[in-house]
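Q: This is the structure, below, for whatever I ask next.
The values are calculated or read from the model by the stated rules, or taken from the named source; none is laboratory data. Keep in mind it's a predicted model, so treat the numbers as computed, not measured. Because the Cβ atoms are built from the backbone with ideal geometry, glycine has one as well, and the counts that use them run over all protein chains shown.
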Amino acid sequence: MPPGISVIGQIELTSGDLDRAVEFYRAKLGIPLLLRSENMAFFDCEGIRLALRRAEGTKDCYGPVIYFKVDDIHAAAEALRGRGVEFDRDPHLVAKMREHDLWMALFRDPDGNLLALMATDDRR
């Protein structure tokens, strides 16, 4: 394994009713809500983010997505490519945030489960 691929940074679930899901995780489970937008909600599970994404129809509902934190997303992706991993989406900038830029790369395991690398580019 390339260095740093053992740490899970985020797990994503899809929801057919995002408002209902947010209420469940926030009010019933008591997980702190970090950020809410029209199509996404992010919760803090002791440093691992739980992301809920609004499903856009039944074909958009898929299993959980596991995001692995890496320090250098380009080096990690190259190392995985060298081991035969094919990427659905190469490393790309997802969001420019106040403190950092968020990068991701998407790939699948042998059963088709979606996995991702995630990295932050510190802007300080």
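Q: Here are some conditions: (1) part of a helix (DSSP H, G or I); (2) surrounded by 17 or more Cβ atoms within 10 Å (Cβ to Cβ); (3) among the basic types (Lys, Arg). Arg81 meets all but one. Which one does it not meet?
A: (2)
Q: Does at least one position in segment 44-61 carry a residue that is loosely packed, with under 14 Cβ neighbours inside 10 Å, outside any helix (DSSP H, G or I) and of a type in the set (S, T, N, Q)?
A: no
Q: Do you know which residues across segment 24-50 are at pLDDT 90 or above, out of contact with any strand residue (DSSP E or B) (no Cβ under 6 Å at 6 or more places or on another chain) and of a type in the set (Asp, Glu)?
A: Glu38
Q: In segment 33-53, how many are within 17 Å of Gly16 (Cβ to Cβ), within 14 Å of the chain's Cα centre (by Cα) and charged (D, E, K, R)?
A: The number of residues fulfilling the criteria is 1.
Q: Please determine whether any residue of segment 4-17 is assigned to a helix (DSSP H, G or I) and out of contact with any Lys or Arg (no Cβ under 7 Å at 6 or more places or on another chain).
A: First, pick out the residues of segment 4-17 that are assigned to a helix (DSSP H, G or I): none.
No, segment 4-17 contains no residue that is assigned to a helix (DSSP H, G or I) and out of contact with any Lys or Arg (no Cβ under 7 Å at 6 or more places or on another chain).
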